[in-house]
Amino acid sequence: MGHSSQPTEVLGGAARRVDAGVDGVLARIRGLGAGWPERDGVAVFHRVYTRVTEEVGHLVDRGGFPDRRAAVTLDVLFAERYLDAVETFERGGRAPACWRPLLHARDRRGVRPAQFALCGVNAHIGHDLALAVVDTCRTLACAPEDLRDEFDQVGELLTALEERVREDLMPGPDLLERAEPLTHLAGAWSIERAREAAWVTARALWAVRGLPVVAEEMRGRLDAGVGHVGRLLVTPLVPVRLR
């Protein structure tokens, strides 16, 4: 990967977190989800995300990225956006709009595990990924185009996240008829399209970085739009019986 000719300048706080590597962010991930009930909606997404982050760490250890520093920086700053959102909410703060549907619906009856997981994937890919690319560019003093290889490789691992959601959490053939609304809902969302949109958004945000008012408006619209999709993804599909 050919970085820009600018000298590499790593922001102090991000540098310390990135130096801890994927292992550091994994420790934070495992600590965050330790006390959640198994059926908690955030915990459903968290378990799948933990496994994928572990795979990123294994790939980094095997030298599987062209630029290890860039890959680790992108992965750590990407994961931190999810972790910060959940921790803010659990402290009583206001999480980004993209994460609120999952956080508010985490114990909602009638929502299936696959819906919780896809809602989390939607927030993380649809919103966090683009902003993490911009965070990484600021941290490493490079442009989005310099991160394309790492973006694509991390994206391939994230595609495995969606595949695991469908394989592990979608009903088997014997339940297909009863789960038809879920099958339709899951089929309406695509991680490939979300990844493509994230890349375009990251480039656009980087292009307007010198226009803070415009950039902030773009981030706000992105957050709200992804949050709207998230609300649809956690629509209860199983009728709730009255007691």
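Here is how the numbers come out for the structure above:
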{"read-out": "Residue satisfying condition, being at pLDDT below 90 and on the phi > 0 side of the Ramachandran plot, within set 35, 21", "value": "21"}
{"read-out": "Failed item in (1) without any contact (Cβ under 8 Å) to a residue 60 or more places away in the chain; (2) surrounded by fewer than 17 Cβ atoms within 10 Å (Cβ to Cβ); (3) closer than 25 Å to residue 230 by Cβ; (4) not polar (S, T, N, Q), with residue 58 passing the rest", "value": "(3)"}
{"read-out": "In the stretch 189-243, residue modelled with the lowest pLDDT [restricted to those that are among the β-branched types (Val, Ile, Thr) and closer than 22 Å to residue 150 by Cα]", "value": "191"}
{"read-out": "Tally of residues being in contact with a Ser or Thr (Cβ under 7 Å, 6 or more places away or on another chain) and either modelled with pLDDT under 80 or charged (D, E, K, R) (or both) across the stretch 127-165", "value": "1"}
{"read-out": "Top-ranked residue in the stretch 122-143 [being of a type outside the set (D, E, K, R) and surrounded by fewer than 20 Cβ atoms within 10 Å (Cβ to Cβ); ranked as nearest to residue 226 (Cα to Cα)]", "value": "143"}
{"read-out": "Residue 168 vs. criteria of a type in the set (Asp, Glu), surrounded by 14 or more Cβ atoms within 10 Å (Cβ to Cβ) and at pLDDT 95 or above", "value": "no"}
{"read-out": "Near pairs, Cβ below 6 angstrom, 6+ apart or cross-chain, from the stretch 78-106 (surrounded by fewer than 19 Cβ atoms within 10 Å (Cβ to Cβ)) to any residue that is not in a helix (DSSP H, G or I)", "value": "88/95"}
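The values are calculated or read from the model by the stated rules, or taken from the named source; none is laboratory data. Only a predicted model underlies this, so the values are computations on that prediction, with no experimental measurement involved. Methodologically, a virtual Cβ is constructed for each residue, glycine included, from the backbone with ideal geometry; neighbour enumeration extends over all protein chains shown.
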